[in-house]
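Read-outs throughout are calculated quantities, based only on the coordinates presented, and are distinct from any laboratory measurement. Computed from a prediction, not measured in an experiment: that's the story for all the values here. Neighbour counts are summed over all protein chains in view; Cβ atoms, including those assigned to glycine, are modelled from backbone coordinates with ideal geometry.
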Amino acid sequence: MAYDIILGRSPSDKEHFGSKGTIFLGKGYVTMGQTTSLSNRILLDIVRSTVILVSGKRGGGKSYSLSVIAEEMAAQPEEISRNLAMILIDTMGVFWTMKYPNLRDETLLEEWNLKPKGMEIDVYAPAGYFKGLKEKGLPVDKPFSIKTSELESGDWCDVLDVPLLEPIGILIEQTLEEVRKKYGDEYDVGDIISSIEKSKKNSSMKEAAINLLRNAQRWGLFSKDGTTIEELAQRGKVTVLDISAY
């Protein structure tokens, strides 16, 4: 009789929890001559923190596998799912399909005693692109943005790809100090630009910094208020951050 293989679970946890608090990934297979048969169920522990690398060639099922993991986590009993929050960062714009039942593979799912079903997920798009995506008919639910004041000077230098100790980096750091004194933690990229424009620093350096910041402003990703992590990470729910616009 085939036994369950539980990935990421220690022998002591297996003894204590059994297969409770695991998600079903699929089945292993064995090959005998020309015959290939499905064998052990492959489960994944979600009681402990786990780092997983999903790798493979294009079209090999990486995104599909991540969807299975997210759906299985959300489908756990309430006593388990309430302790989980799932955030998928979607660089390709594919995970919105989790909203809808997979009718295309209905016959295959029946072989696994499964039924197609849609998931109650929230799809967030960058605030600067949300309206346009909505008008195109894409199933995005809410806009999201990063609160401008949450980025330190080193973060801005990373974002703008400038060295922190070079003149532009120093100008940005000095400007942020002035902006924080004036606005506290309620400011946007425009306020940073305005402060630099009033600076008495070298004009070419000012123009370079302003151009970089205006470019970042056009990303539609930063705002005065921002989206809180509490809104994105909700108990038992899947949140998709669709950044495929970039």
*Distance between modelled label sites at Lys27 and Ser194, nm, 7 Å Cα→Cβ extension*: 6.5 nm
*asked:* Can you compute the equivalent ellipsoid semi-axes for segment 68-211, i.e. the square root of 5 times each eigenvalue of the Cα gyration tensor, sorted largest first and rounded to whole Å?
replied: 46, 17, 14
*Relative contact order of segment 153-245, pairs being alpha-carbon contacts under 8 Å that are 6 or more residues apart, as %*: 24 percent
*asked:* Return the Rg/Rh ratio of the chain with Cα-based radii and a Kirkwood Rh.
replied: 1.10
*asked:* How high is the relative contact order of the chain? Use alpha-carbon pairs under 8 Å, at least six apart in sequence, and give a whole percent.
replied: 24 percent
*For segment 55-172, with only Lys/Arg (+1) and Asp/Glu (-1) charged at the beta-carbon, what is the dipole magnitude about the Cα centre, in debye rounded to 20?*
460 debye
*Go ahead and set up a Gaussian network model of the chain, Cα springs under 10 Å, then flag whichever of Glu186, Glu71, Glu177 fluctuates most.*
Glu177
*segment 1-66: C-alpha gyration tensor shape, a/c 1.5 cut-off, then a/b vs b/c*: oblate
*What's the angle, to the nearest 10 degrees (0 to 90), between helix 62-74's Cα axis and the longest principal axis of the chain?*
80 degrees
_Just want to confirm a number: the relative contact order over segment 1-119, from Cα pairs under 8 angstrom separated by 6+ residues, in percent._
20 percent
